[in-house]
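For reference, the structure discussed in these notes is given below.
The values are calculated or read from the model by the stated rules, or taken from the named source; none is laboratory data. On a predicted model such as this, the values are computed, not experimentally measured, just so you know. Don't worry about glycine lacking a Cβ; one is built from the backbone with ideal geometry, like all the others, and counts go over all protein chains shown. Remember, those area values only see protein heavy atoms, side chains included, never the ligands or the DNA or RNA. Shrake-Rupley method; radii C 1.70, N 1.55, O 1.52, S 1.80 Å.
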Amino acid sequence: MYAQGEISGTVVDASGETVIGATVMEKGTSNGTITDFDGNFSLKVNEGTILVISYIGYQTQEVPAQQGMKVTLKDDAEVLQEVVVTGYTTQRKADLTGAISTVSVDEMAKQNENNPMKALQGRVPGMNISADGNPSGAATVRIRGVGTLNDNDPLYIIDGVPTKAGMHELNGNDIESIQVLKDAASASIYGSRAANGVIIITTKKGKDGKVKVNFDGSIASSFYTNKIETMNASQWGRAYWQASVNDGQNPSNNNLGYNYDWSYDANGHPVLNKMTMNMFLDENGTVRAGDTDWFDEITRTGIVQQYNVSVSNGSEKGSSFFSLGYYDNQGTIKDSYFNRLSARANADYKLLDNIVTIGENFTINRTKGVDAPGGVLEHALEFNPNFPIYAENGKYAQALGAYSERENPLSMIDNAKDNEYTQWRMFGDVHLSVTPFKNFMIRTTLGMDYTQKEQRFFTYPIANGKVMRTDTAVEGKQEHTMRWMWNAIATYNLEIGKHRGDAMIGTEVNRQDYKMNSAKRYELAILNTDYMWPSAGAGRQLAEGFGDGFSLVSYFGKVNYNYDDKYLASFTIRRDGSSRFGTNNQYGTFPSVSAGWRISQEKFMESTKGWLDNLKLRYSWGQTGNQEISNTARYTLYKSVVSTGLWGSGQAGSSYDIAGTNGGYDLQNGYVRNQRGNDDIKWETTTQHNIGIDFALLGNEVYGSFDWFNKKTTDILLFMEGIGAMGEGSGRWINAGEVKNNGWELSIGYRHSLENGFSWDINGNLSKYTNEITKLPETVAANGKYGGNGIKSVVGHPMFSQVGYIYDGIFKSQEEIDNHAVQEGAGLGRIRYKDLNGDGIITEADQDWIYDPTPAFTWGLNIYLQYKNWDMTMFWQGVQGVDVDCRGYKSQTDFWANSAINVPYLNKGVRVLDAWSPANPGSDIPALTTSDTNNEGRVSSYFIENGSYAKLRTIQLGYNMPKQLTDKLHLDRIRLYASAQNLLTIKSGKFTGADPENPGFNYPIPLNLTFGLNVSF
């Protein structure tokens, strides 16, 4: 027998950084240790003894012991995600039987998005994110399609506290992990609010080791690159001339300031010889003729700044994490901005020999901002370029004379720039857990989410033109939202031989209250924001306020079972009661079951061990609920109606002056019914089946998963309008309707490292779903609210699909007109519509389904490359085969006048310059006309375009300073990076707009160029 010697060594990661706290064990024994702050270890073993070295996030390695040994651990993304939060508890990923996607927070952070949900766009199969470029970063999230006719937002769980409030108000830099629960088996533990999926967010904690300080800073420039090209003053005058001569009118007969010299050529086609413009646009000489690009005037290069610093520490007895964050986005539309200050403190402490753990997670955030005024981009397109920015009196030039009533876009911005809001949000929890004996734990959590928002809205006078107003007013508004929850859960884990299982039971109470108060007053003597408060006004006044809330009580339980790491099963049940429902159906029960089979662990698969690392088959079935309706849905409601004439609006009473003695003005005050109650409404229920497979090959270098799902929502909650014979306010909430979604999701990746230090990880995802409304009350299905445009029933079709006329080109000869069905307004250069029923006349019967909002598929592709200290990330995201309704802007880029925008003398997009005319017979853009006799603003397939796109969401190049340099500076890490967001868009050649992702007049999605620095010590 020989005495053991002492072996020492070091454990590092692939970049050479020391790994603190790695476990070093003599194989087959309990003899072991962990690495210290410098990654060093020493252990009494003989040389040559096999050591097992492991650490979360790295592949476990077995190596022979050698004096002075250096072990390099390889990253293992699968192991990194091995333990995931699944609802009140954690679970090994290998044991999961539901459809859960785990997001790489490091990759997500590279997009420098204010809202972490926007950064998930294209990263999670089956999850669709839609957002514009608003500086606040607000986004709409949909998981596995649109499943209901009301609220489709998912539920967020942040450190165990549920919320549905905006994620852009919280600091994404504090996030440690994100899990997306997509199927009913994984989400049903949250029962009543899980029908639209659940997103679980865990914030950062302190880790064992020395005190760690991290600093991240970045600054970016934002550019408005997807602008609709509008006409200048000369182009507008030419287009007006063409529209006039097309209609047989003399274009010189105008009071717009244009003068034309024109004639006909040898072919009888009109020719514009010369065009001049009056010096002033009005007879009084108050507005000088200009040539203004309003898009350029209202936009700017935005600046985005972001700084975060955190301090963390941890030991066997507890951990702490503290962070401060600052974010400021000066948007690309002038005077719009979003600003956030945030602070977070997370702590956990273990007491009484680890029997008791107490802790808290708390963040406070102050956000401020000014939103761009509604419709300002549309006004920038429409406001005539002939107008200068300022009139001769130095005030903003406004529409006058024959020009249409539109406010100067810069005036709109200036009048809204003081409408600043300030919002405080406090979010967090305190928790206590007790482990009285091994494997048994009781935990209770008290959480809150409080928001207070204050804002003033200012009304300033407008000095000039048709939109002139003399009113001055201010409205002060306060909103308060309080959400609190308390839960208590007990868990027990048991392992006997090859059997392993755990059980959980719990109860939870949730309460939410909302209050709003506002006061508005007119006639303020001084137009200064320090003075402009309602009490300073001398004129009309109005006070408003209301509040409501709801309560939710829940009981739930879950059992997981694992036999020999091969056969997996899980059962969940939850019962919820909501104050939103009447006593007849206040409670709902939501069960789920799931099973898994790790095929790769079977003996008959041993021959595949050399190349197959993991193969797991999953199935789940479950039900989840939805109660996202009005808090007063079950009540009969009345509203008061007064007739004092306070606002000079005439009679508004609830009674009718049949004698006429008061002239229909000053009548008695009263009440009118606003809604009928319904104590029989009940929970909306979503039932979902999911079949999935997880796989990993070639030493986990190839990895992925595939899921198929069937999702059906029944007893959909909707507001049913009553018929007139039932009297005023006869509408009520009912359960009626069904929606079905089917789809599949695929994710696959490949990672590899070479000995020369070059490595890569390429992963992508692809998903598809179909949507169908399968049941609705006949009157609701036909009214067009959920699709069908009031022409056809939407049942059997996707939600919000549209019916319209079928565009069939334009009439380019009299022969085409003569040979076509009778179409009122048909003429040369006019749109031709298909005669679908063949009756020889174009009527409402010649309409069919033209628009489906569901894409053929969506995808994302992430490419990560690393060579020694350099790394590069490229992330692409796209949508294929989706219809985009372009009617809003195409009515203003392809037509001089149509019934959708039948307002004269607005500016238009430059596409009208290529409109059909006898001199331009090859064009498919309708001929310009001053009068839409062909009703070309009607809903038709002319406005439906292919919105497919591929976007380079992020490309980033980073460099980690050499360790020799950081050591000299007493730092752990210095990283520099440069990145671009939304650098490139590839779109369909048939798409005529600027951005298929954001095709209307929403806030533009900018191109961002970012430079950043990460430092840790």
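Candidates in the stretch 594-645 are the residues that are assigned to a strand (DSSP E or B) and of a type in the set (D, E, K, R); of these, the one that is farthest from Val672 (Cα to Cα) is Asp613.
For the condition within 30 Å of Leu351 (Cα to Cα) and surrounded by fewer than 15 Cβ atoms within 10 Å (Cβ to Cβ), Lys466 does not qualify.
Within the span defined as the stretch 230-239, one or more residues are of a type in the set (A, V, I, L, M, F, W, C), under 43 Å from the mean Cα position of the chain (by Cα) and part of a loop (DSSP other than H, G, I, E, B). Applying the criterion of at least 2 residues that are out of contact with any Leu (no Cβ under 9 Å at 6 or more places or on another chain) and open to solvent by less than 20 Å² (accessible area, probe 1.4 Å) to the strands (runs of 3 or more DSSP E) found wholly in the stretch 710-766 leaves 738-753. Of Gly989, Gly1000, Gly993, all but one fail to be in a loop (DSSP other than H, G, I, E, B) and within 21 Å of the chain's Cα centre (by Cα); the exception is Gly1000. Considering the stretch 324-346, the residues that are buried (at least 22 other Cβ atoms within 10 Å of the Cβ) and closer than 11 Å to Ile364 by Cα include one that is nearest to the chain's Cα centre (by Cα), namely Arg340.
Being over 30 Å from Ile129 (Cβ atoms) and either of a type in the set (Ser, Thr, Tyr) or open to solvent by 20 Å² or more (accessible area, probe 1.4 Å) (or both) is a property that holds for Val822. Condition check: acidic (Asp, Glu), more than 33 Å from the chain's Cα centre (by Cα), within 30 Å of Gln306 (Cβ to Cβ) and surrounded by fewer than 15 Cβ atoms within 10 Å (Cβ to Cβ). Does Asp967 satisfy that? For Asp967, the condition - acidic (Asp, Glu), more than 33 Å from the chain's Cα centre (by Cα), within 30 Å of Gln306 (Cβ to Cβ) and surrounded by fewer than 15 Cβ atoms within 10 Å (Cβ to Cβ) - is met.
Taking the criterion of being in contact with a Ser or Thr (Cβ under 8 Å, 6 or more places away or on another chain) and open to solvent by 30 Å² or more (accessible area, probe 1.4 Å), the residues of the stretch 983-996 that qualify are Lys987, Thr992. Of the strands (runs of 3 or more DSSP E) lying entirely inside the stretch 142-223, the ones with 1 or more residues being under 24 Å from Glu772 (Cα atoms) are found at 155-158, 175-181, 198-203. Test Ile34 against the criterion of being open to solvent by 50 Å² or more (accessible area, probe 1.4 Å) and either touching a residue at least 24 places away in the same chain (Cβ under 8 Å) or under 48 Å from the mean Cα position of the chain (by Cα) (or both), and give yes or no. In short, yes.
When Asn267, Asn255 are screened for being surrounded by fewer than 18 Cβ atoms within 10 Å (Cβ to Cβ) and out of contact with any Gly (no Cβ under 8 Å at 6 or more places or on another chain), only Asn267 passes. Of the set (1) assigned to a strand (DSSP E or B); (2) open to solvent by 40 Å² or more (accessible area, probe 1.4 Å); (3) polar (S, T, N, Q), all apply to Asn562 but (2). Can you tell me which residues in the stretch 700-753 are among the charged types (D, E, K, R) and within 30 Å of Tyr864 (Cα to Cα)? Residues satisfying the conditions are Glu701, Asp707, Glu745, Arg751.
In the stretch 998-1012 there is no residue matching the filter, namely being surrounded by 17 or more Cβ atoms within 10 Å (Cβ to Cβ), in contact with a Lys or Arg (Cβ under 7 Å, 6 or more places away or on another chain) and not aliphatic (A, V, I, L, M).
All of Gly257, Gly290, Gly285 fail the test of being in contact with an Asp or Glu (Cβ under 8 Å, 6 or more places away or on another chain), among the small types (Gly, Ala, Ser) and within 21 Å of Glu405 (Cα to Cα), apart from Gly285. Selection within the stretch 109-150: residues that are more than 25 Å from Gly743 (Cα to Cα) and open to solvent by 20 Å² or more (accessible area, probe 1.4 Å). The member of this set that is nearest to the chain's Cα centre (by Cα) is Ala138. Of the numbered criteria (1) open to solvent by 20 Å² or more (accessible area, probe 1.4 Å); (2) under 20 Å from Asp808 (Cβ atoms), the one Val910 fails is (2). Among the residues of the stretch 442-468, count how many are closer than 20 Å to Glu392 by Cβ and in a strand (DSSP E or B). Number of matching residues: 1.
All of (1) in contact (Cβ under 8 Å) with a residue 24 or more places away in the chain; (2) more than 47 Å from the chain's Cα centre (by Cα); (3) open to solvent by less than 40 Å² (accessible area, probe 1.4 Å) hold for Tyr260 with one exception: (1).
Of all the listed residues (Thr893, Thr873, Thr929, Thr933), the sole one being among the β-branched types (Val, Ile, Thr), more than 30 Å from Arg144 (Cα to Cα) and either under 25 Å from the mean Cα position of the chain (by Cα) or open to solvent by 40 Å² or more (accessible area, probe 1.4 Å) (or both) is Thr933. Taking the stretch 777-818 as the region of interest, how many residues are in a loop (DSSP other than H, G, I, E, B), touching a residue at least 60 places away in the same chain (Cβ under 8 Å) and among the aliphatic types (A, V, I, L, M)? Of the residues in the stretch 777-818, 2 are in a loop (DSSP other than H, G, I, E, B), touching a residue at least 60 places away in the same chain (Cβ under 8 Å) and among the aliphatic types (A, V, I, L, M). Scanning the stretch 279-323 for residues that are more than 30 Å from Asn232 (Cα to Cα) and outside any strand (DSSP E or B), we see that the one that is most open to solvent (accessible area, probe 1.4 Å) is Glu316. Among the residues making up the stretch 37-60, a single one is open to solvent by less than 40 Å² (accessible area, probe 1.4 Å), of a type in the set (S, T, N, Q) and not in a loop (DSSP other than H, G, I, E, B): Ser54.
Looking at the structure I just gave you, is Glu392 closer than 28 Å to Asp132 by Cβ and at pLDDT below 95? Against the criterion (closer than 28 Å to Asp132 by Cβ and at pLDDT below 95), Glu392 does not qualify. For the stretch 479-512, what are the residues that are loosely packed, with under 15 Cβ neighbours inside 10 Å and of a type in the set (Asp, Glu)? Matches in the stretch 479-512: Glu495 only.
Against the conditions (1) in contact (Cβ under 8 Å) with a residue 12 or more places away in the chain; (2) open to solvent by 40 Å² or more (accessible area, probe 1.4 Å); (3) over 26 Å from Lys498 (Cβ atoms), Gln586 satisfies every one except (1).
Within the stretch 102-140, the set of residues being assigned to a loop (DSSP other than H, G, I, E, B) and hydroxyl-bearing (Ser, Thr, Tyr) comprises Ser104, Ser136.
Checking each residue in the stretch 513-547 for being surrounded by 11 or more Cβ atoms within 10 Å (Cβ to Cβ) and assigned to a helix (DSSP H, G or I) picks out Pro534, Ala536. Residues that are part of a loop (DSSP other than H, G, I, E, B), at pLDDT 85 or above and crowded, with 17+ Cβ neighbours inside 10 Å: does the stretch 66-89 have at least one? No, every residue in the stretch 66-89 fails to be part of a loop (DSSP other than H, G, I, E, B), at pLDDT 85 or above and crowded, with 17+ Cβ neighbours inside 10 Å.
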